[in-house]
Amino acid sequence: MRRTDREIKDPTEIVDILCRANTIRLALHDEPYPYVVPLSFGFEKTTGQITLYIHGAKEGHKHTLLARNNHVCVEAGIFHHYAETANGGLTVVYESVIGFGKAAIVEGNEAARGLDLICTHCGFHGHVYDHAALAHTRIYKITLSSITGKRRSVS
């Protein structure tokens, strides 16, 4: 990272940003260009590991690409506002995280857990959904091998 003074390494701060972010962008390998899709998500942190969960229909471009190559990049950002800097310039006040990992399809109890985490993160903790819907829904677990954050504020 070029601006190490803005880097966030503290896992607690990274989790805080994920808690407040409402969307992740999932970057996938495609040709001739990368493919990025915004998604709702859920996550959990256990023993120092952050795991994200995403969902969707059982077919589509995202699923085709993940079947070919499950290495992904995820980004979550929070835009706060534009601001003037001390030298009269303009900047953006923001917080963001970027992580790299692998996506894997989960089923059964783990898929239900993933969907519960997605519902909770989206503001519907304890939402009772039709478990038969899982038969028509694909749930992915993204295990992150690395994640870092960045923050820009104006003094």
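A simple spin-label model places the labels of His29 and Glu110 2.1 nm from each other, with each point 7 Å out along Cα-to-Cβ.
Under a model in which nothing but the beta-carbon of Lys, Arg (+1) and Asp, Glu (-1) is charged, the chain shows a dipole of about 260 debye around its Cα centre.
Segment Lys45..Ile78, full-extension length gain: 9.9 nm, with 0.36 nm per residue of separation and the alpha-carbon distance subtracted. Take the alpha-carbon centre of segment 106-132, take the same for segment 38-94, and report the distance between them in whole Å. Computed from Cα coordinates, the inter-centre distance equals 19 Å.
Taking label points 7 Å from Cα along the Cα-to-Cβ direction, Thr4 and Val37 give a separation of 3.8 nm. The distance between label points at Lys102 and His136 comes to 3.2 nm (points 7 Å beyond Cα on the Cα→Cβ vector). Total Lys pairs in segment 4-152 closer than 22 Å by alpha-carbon, pairs eight or more apart in sequence or interchain only? Final tally of qualifying lysine pairs is 12.
No value in this document is a laboratory result; all are computed from the given coordinates. Keep in mind it's a predicted model, so treat the numbers as computed, not measured. Note that each Cβ is placed from the backbone with ideal geometry, even for glycine, and that neighbours are counted across all protein chains shown.
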